[in-house]
Amino acid sequence: MLITLQQLQSGVITPESLGPEKRLQLAEGLTEFPRELFALADHLQVLDMSDNKLSELPSDFGRFKRLKLLFLSNNEFDHLPNVISDCSELEMIGFKSNQINVISETALPAKTRWLILTDNQISKLPESIGNLTRLRKLALAGNQLTALPVTMSQCKSLELIRLSANQFKVMPDWLFQLPKLAWLAFSGNPCTVSNQVQVADLPQAELKDIKLLQQIGMGASGVIHKAQWLNKNNESTGNPTDDIAVKLFKGRVTSDGYPQDELDCCLTAGEHKNLIKTIGFIPNPKQLGLLMALIPSTYRNLGLPPSIITCTRDTFEQGTQFDIDVIITVIKQMVSTVQHLHNQGVSHGDIYAHNIMVDEQSNALFGDFGAATQLTQLPMNLQLAMEKIEVRALGNLLEDLLLNCNTGRQADTKLKINQLTGLVKLCHLSDVDTRIGLSRLNIHLQVC
């Protein structure tokens, strides 16, 4: 519920008007926290005060005893307010794009499961972060971190971590051993710097040669347009070629990292029948762009992004059901694709159903390299561990698809479900070293 300060001060905003989500949003360039909000303290569960100019929270902020989600992105905080730890039910916290450089040992609420601190100035995390046993999702891209507290090795529930665009010269071994970690991104750090981007066979373009048509998509790192490529291959005819898709990157840093790293990883990935085909790129640092083959209209997204409730796991439209043979076809293609990426020295970091498109024949197309990482500069043991982390993500994908499987009554369907459920368990082994690898997983799938 988006409200104005005038409405709040007039008293027309009541607990009953908050709606079933008990949510309130207020963005008016505020420099001070409006104390009138405390009239709703016994009811409010979601408070969004992003896009203001706040730098402090009141000392009695803990009066919001039922608050579960707090968003204060795009404000002017230079520290994470200690008072948020007084909110006993708080579990999702967003302070993206502030100027935070200090997080005290007592600032993090015990029930935190989703922490967003992207695009700040953090150089050190508190040792107490290791006490967050419920933490599942941690976004730290675009900071000044050089190391992580060893206590974080106790965060056994962590599934997704974004560490891109920081200052890590080495990545800690224990990070790759976290038992549930499935989505890890750390490009744009000194430890990943590589000069091995393969671009020789791809033509370059200038933005003036691209005729943008309608917008067809938007992600954390850019906007995708249907477009036409004029003057392709330096032919000055002025005539457009066939329609293509163009991703124009935005901003200095995204929730996943630097746009340049996404572009480099996409170019390094090369060609595979199940990757969205890259046909060129715009190298201008002021406006990076990626030129791709236009996906036919017969394709649709396999799933939807995670929700606040599911946190790390994809969602699906109500009533979605997949035939078992569709699931097998899709997962075989995905294992093959991820294997290809790792052979090229690239991890994807975002293996999800919502990043996969399929047509009626279950042909899959995979894309979105925003969380991808160049692995070739890492020690071999960490490259192998990164493969196992991506295997867990594939296990999550397979598990999510099986949860939406049309089980039917045929004996062979139940047999295949049992076989795939067994593979999920192999992908989910807590001991990363003994977890199944991509090659063996591929072999097991061939008999399903």
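The values are calculated or read from the model by the stated rules, or taken from the named source; none is laboratory data. Just so you know, these numbers come straight off a predicted model, no measurement behind them. Positions of Cβ are backbone-derived with ideal geometry, glycine not excepted, and every protein chain shown enters the neighbour counts. With ligands, DNA and RNA removed, areas are computed over all heavy atoms of the protein, side chains included. Shrake-Rupley method; radii C 1.70, N 1.55, O 1.52, S 1.80 Å.
Amide H of PHE322 versus every other amide H placed in the peptide plane: which residues, excluding those fewer than 5 positions away on the same chain, fall under 5 Å?
Those qualifying (amide H under 5 Å, at least 5 residues apart or on another chain) are CYS405, ASN406.
So, in Å, what gap is there between the alpha-carbon centers of region 418-448 and region 85-152?
A separation of 33 Å, based on Cα centres.
Using a basic spin-label model with each label point 7 Å from the Cα along Cα→Cβ, how many nm lie between GLN25 and ASP42?
So the two model labels end up 2.8 nm from each other.
With θ taken as phi - 60° and the coefficients 6.51, -1.76 and 1.60, list the Karplus ³J(HN,Hα) couplings across region 376-381 in order, rounded to whole Hz; mark glycine and proline as x.
Using θ = phi - 60°, the values come out as 5, 8, 7, x, 4, 5 Hz.
Could you pull out every one of the lysines with an alpha carbon less than 30 Å from that of LYS22, ignoring same-chain neighbours closer than 8 positions?
LYS53, LYS65, LYS68, LYS96, LYS111, LYS137
Just one of (i) 23, 53, 23, 1; (ii) 26, 61, 13, 0; (iii) 26, 56, 17, 1 is P(r) over Cα pairs in 20 Å bins from 0, in percent as worked out from the coordinates here. Which one is it?
(i)
Provide the net charge surrounding ASN101, with neighbours chosen by a C-beta distance below 13 Å and charges set as Lys +1, Arg +1, Asp -1, Glu -1.
-2
Within region 312-448, what whole-number % of the accessible surface is contributed by carbon and sulfur, with the 1.4 Å probe and all protein chains included in the calculation?
47
Please build a GNM for the chain, connecting alpha carbons under 10 Å apart, and tell me which residue among GLY251, GLY270, GLY188 fluctuates the most.
GLY251
Could you compute the FRET efficiency for ALA411 and GLN361, with r as their C-beta to C-beta distance and R0 at 30 Å, rounded to 0.05?
After rounding, the FRET efficiency stands at 0.75.
So what is the 222 nm mean residue ellipticity for the chain from helices alone, if each DSSP H run of at least 4 adds -39500 (n - 2.57) and you divide by all residues, rounding to the nearest 500 deg cm²/dmol?
-6000 deg cm²/dmol
Give, as a single signed number, the net charge of other residues whose beta carbon lies under 13 Å from the beta carbon of ARG35, with Lys and Arg counted +1 and Asp and Glu -1.
That works out to -3.
Please list, in order along region 395-403, the HN-Hα scalar couplings obtained from phi with the Karplus expression 6.51 cos²θ - 1.76 cosθ + 1.60 (θ = phi - 60°), rounded to whole Hz, x for Gly and Pro.
Values, residue by residue: x, 5, 4, 4, 4, 5, 5, 5, 5 Hz.
Tell me, what HN-Hα J-couplings in whole Hz come from the Karplus equation 6.51 cos²θ - 1.76 cosθ + 1.60 at θ = phi - 60° for each residue of region 110-124, using x for Gly and Pro?
Going residue by residue, I get 4, 8, 4, 10, 9, 10, 10, 10, 4, 6, 10, 10, 6, 10, 8 Hz, with x marking Gly and Pro.
How large is log10 I(q)/I(0) at q = 0.08, 0.12, 0.16, 0.20 Å⁻¹ when the Debye formula is applied to the Cα atoms of region 5-161, each weighted equally and without solvent?
The Debye formula, applied to the Cα set alone, gives -0.22, -0.50, -0.87, -1.31.
Under a 5 Å amide H to amide H cut-off, with H placed in plane at 1.01 Å, what residues pair with LEU145 once short-range neighbours are removed?
Hits under the 5 Å cutoff: GLN167.
Name the residues whose placed amide hydrogens come within less than 5 Å of the amide hydrogen of LEU288, ignoring near sequence neighbours (fewer than 5 apart) on the same chain.
Correct list: PHE249.
Can you spot the lysines whose alpha carbon is less than 29 Å from LYS414's alpha carbon? Ignore those fewer than 8 places along the same chain.
Qualifying lysines at Cα under 29 Å: LYS180, LYS332, LYS388, LYS425.
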